[in-house]
Structures are given as C-alpha cells and as structure tokens.
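The values are calculated or read from the model by the stated rules, or taken from the named source; none is laboratory data. As the structure is a prediction and not an experimental result, all values here were calculated from the model. Cβ placement follows ideal geometry from the backbone for every residue including glycine, while neighbour counts extend to all protein chains displayed.
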Amino acid sequence: MAVDLLLGLQWGDEGKGKIVDVLTSNYNIIARFQGGPNAGHTLVFNGMKHVLHTIPSGIFHEKAINLVGNGVVIDPVIFKKELEKLAPHNIDYKKALVVSRKAHLILPTHRLLDAASEASKGKAKIGSTLKGIGPTYMDKTGRNGIRVGDLELDNWKEKYRLLANKHESMVSFYNVDLQYNLEELEVEFFEAVDVLKTLKFIDSEEYLHQAQKDGKAILAEGAQGSLLDIDFGTYPFVTSSNTTAAGACTGLGIAPGSIGKVFGIFKAYTTRVGSGPFPTELFDEDGETMGRVGNEFGATTGRSRRCGWLDLVALRYACQVNGVTQLMMMKADVLSGFKSLKVCTAYRYRGEIIHHLPYNVEAKNVTPIYTDFEGWAEDLTEMNNDSILPKPLNAYIDFLEKELEIPIKVVSVGPDRKQTIFR
Ligand code: IMP
C-alpha cells in the first residue's frame, strides 16, 4: 500500500499537527521522518491544547502506531517530558510508540554547541530553537553520532564520554560566555535515557516494509516547512534536515515509488520565526493583527512569529519540490475582518518580473508584486460547510487553486479538530 505524506509548505507552523490528528483515523501508522524537538505540533480537542515535539501527532488515537523514524533526532530529556504529559490520557505508549534504532540522539553538549554557535554569530544568527538540532545532524553526517540502537550496547557510555569531551573542547573554541553545569545536565540526560530504553526500539525500515506488504495505511508526518529545508530552503536560515518529500524516503527508508498522496499544508497568510528573508513580511498594523488574532507565538520557544501576506511564488515552488497532490489551507479564520487582502503572485527581481524563487531572495533583491482581494467580515470559526463560506473567501480559494493547479481539499477555521471544513 502507498505511503501518504503530509508536509508544511512555508516556514513551519502551518498547522500540520492538527491535520495529522484529524486524518489519523484513516491510518494505521503515523511516522515522523525528520527534525526533532525544534518542532511544536499543536493539537486541540475536547477544549484542551496539546503540544508535541518528537512524538508523532497520531498519539491520541487509540489504534494508531506512532513511529519515530531514522531521520529524526531525539533529545531523551524532552522526550521524557512529552511522555510525562501523556500520562493523564492513559495512553499505553509502550504499545503505541516505536522508535527507530537508527534515529540519532541529541546530547546535552549538542545543545551547548548550538548555543555557542549562535552566540558567536551575533547579528548573523540563524535564530535556532537552540535544541541542538544543527550540531546533532552535523555529527550524523560527520559519522560521529550516537544512535538509539547504540543504547543497547554495553559500551555506549564510553562512546558518549568521548563525544561529549570533544564537544566541550569545541564549545571553548567558540570563545563565548556560556554558563553551564554539564554534570547536572548529564544526570537529567542519563535518567531520561533510562526512560527512553523502556520503549520498543525497532528496525523501522523493515517494520515499514512489512507494514506496506500487510496493507497497512501509513502517513508520514513532516516537521518544519519546505522553506526551512537544508537544500531547498532559504539557506543558511534553515533547519538541518530535508523537510521536503525526499526526506520521507531517507528518513523512513520508503522507496520513492511507494509514495501516494502528498498533502501540502499552508496558512492562508505567511509566518516565519527566527532570522532570514521573508519577502511578503508586514511591518504594519495588518501584520500586527495577523500575529495577535492568529496567536502567532512559537509552540516550542514562545517567540513571536513574523507575519505577512501569502506568497504564491514561494508556495508554488514548495508544491513543485514536494509533488503536492492536494492542499490544505489553515487559519482562514484569522483573515476575517481585513477590508482587503493581498497575495504575492510575482517578484520584481533586479528590475525584472519573475515567477520563481530566486537564489537571492533577500529584501534588497526582491520586491513582491501583489494582487488585491476583497476581505470578509464574517466569523468563520463556527462554520462547518464550504457552501456557507463568505463569497470573497471562496474567490480567494478559487484564485489559489487556479494559480497552483492543485485542489484545496481542506479549509481550517480554528484550532479545534472540529473546526475543519472538507471540500
Ligand atoms: P533549528 O532547527 O532549531 O536549528 O532552527 C533553524 C531555523 O528553523 C530557525 O529559524 C527556527 O526558528 C526554524 N525552525 C525550526 N523548527 C521550526 C518549527 O518547527 N517551526 C518553525 N520554525 C522552525
């Protein structure tokens, strides 16, 4: 059976967690394939909000198996806290959660290195979540990393010590003022590793091949967004993994030919957290309104997100890179009350009009060209059927579908599972 993919098409925070949760009843397995606790997937149901960082967003459904794939990086300390938060929900996570032996571990010293690296960059900092993501992937590609499967070896702590010592000397190389107590961090880390070891470790690629043979329905859950992809994003202001469709193949061991539907998730406007170019960013009251109404604060770091109009040039690029087969538009309700709306349809780039994302996307090279749309006043949050959506919103949706040549199958009108309109 084919494996479906669900991906963010912007700079993350599109609302992937909510949609995975909504779709989980159609799937037997939900599999995370990249990223780590830099992600914050928010789910709302029964009046309660849940934020997941490493655990896949199908965890609140009784029957789904949630798989943490080889492409993910795991911080045992954060993972343990996530598990503790599940306790009131009586989830038998030893059954519902399985972890790839090939997933890499984020060590306390990876977090220190992340902090030291960012501090040393000054104004040029990436705006990292400081969860140790970059340094952990560096150790992975540098062939120095420690994997979940290593925890089953008798000598893994020796390997740990060597790597942690090396990291400490690297931290001092950065020559920044970083206060830390590694002994304390290690006590917490080793306790958390013991909890992690109570979970079922699997050879996840074999597990997924067998599941496919057995006709199980699998959904691969992406984290971050396409414009944060290490290859296709706005480098160097990106994360350190492939957030795009290809990442699902390398992060789970599934073959490209076995990919079925590709769900592309985007917000009806655009946000970005951290540094880096953002052509349609707003610095006025409209941007402030989007941030306030949309509650645009990072689920992981609490930082306020930068807001701007929808950028179709960037969105088209993300659809192409991922081979998106259907779109899901989130947070349409946040745009209620704007007299008029803008959508960027092209860029003026060094005097020329272009329709693709150029290599140099910084503000000094790129000026967005907008098409204006009529706004709507109606509150969408109680609407449950697309036939009652305001006309200007339908015109907005029709325009996007025509421009992108991909159907928009879902319009989300609020954070709750129930506030989801299927078209
Ligand atoms: P890192 O992945 O923590 O190193 O952060 C690199 C960049 O990606 C920073 O600009 C972060 O703000 C951004 N980023 C990482 N994860 C997420 C996410 O889940 N949502 C939105 N932005 C993210």
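Per-structure values
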item: Condition check for G260: out of contact with any helix residue (DSSP H, G or I) (no Cβ under 8 Å at 6 or more places or on another chain), in contact (Cβ under 8 Å) with a residue 24 or more places away in the chain and within 15 Å of the ligand (Cβ to nearest atom); result: no
item: Out of E362, E403, sole residue that is surrounded by fewer than 21 Cβ atoms within 10 Å (Cβ to Cβ) and under 25 Å from T289 (Cα atoms); result: E362
item: Residue in the range 145-154 that is assigned to a loop (DSSP other than H, G, I, E, B), loosely packed, with under 14 Cβ neighbours inside 10 Å and of a type outside the set (D, E, K, R) present; result: yes
item: Which numbered condition E118 misses (of (1) within 25 Å of G251 (Cα to Cα); (2) within 27 Å of the chain's Cα centre (by Cα)); result: (1)
item: Answer residue from the range 382-392, given it is modelled with pLDDT of 95 or more and surrounded by 15 or more Cβ atoms within 10 Å (Cβ to Cβ) and is farthest from Q320 (Cα to Cα) among those; result: M383
item: Residue match in the range 233-248 (condition: buried (at least 24 other Cβ atoms within 10 Å of the Cβ) and away from the ligand (no atom under 16 Å from the Cβ)); result: yes
item: Among the residues listed as T136, T129, the single one being assigned to a loop (DSSP other than H, G, I, E, B) and either without any contact (Cβ under 8 Å) to a residue 60 or more places away in the chain or within 18 Å of the chain's Cα centre (by Cα) (or both); result: T129
item: Qualifying positions in the range 185-220 - part of a helix (DSSP H, G or I), touching a helix residue (DSSP H, G or I) at 6+ places or on another chain (Cβ under 8 Å) and surrounded by 15 or more Cβ atoms within 10 Å (Cβ to Cβ); result: L185, E186, F189, A192, V193, V195, L196, S204, E205, L208, Q212
item: Condition broken by P88, with the remaining ones in (1) in contact (Cβ under 8 Å) with a residue 24 or more places away in the chain; (2) within 27 Å of G298 (Cβ to Cβ) satisfied; result: (1)
item: Residues of the range 110-143 classified as in contact with a Pro (Cβ under 7 Å, 6 or more places away or on another chain) and of a type in the set (D, E, K, R), total; result: 2
item: Per-region count, the range 292-334, residues among the basic types (K, R), within 16 Å of the ligand (Cβ to nearest atom) and either part of a loop (DSSP other than H, G, I, E, B) or more than 22 Å from G40 (Cβ to Cβ) (or both); result: 3
item: Index of the failed condition, T289 passing every other in (1) within 16 Å of the ligand (Cβ to nearest atom); (2) in a helix (DSSP H, G or I); result: (1)
item: Residues of the range 83-137 classified as aromatic (F, W, Y) and away from the ligand (no atom under 14 Å from the Cβ), total; result: 1
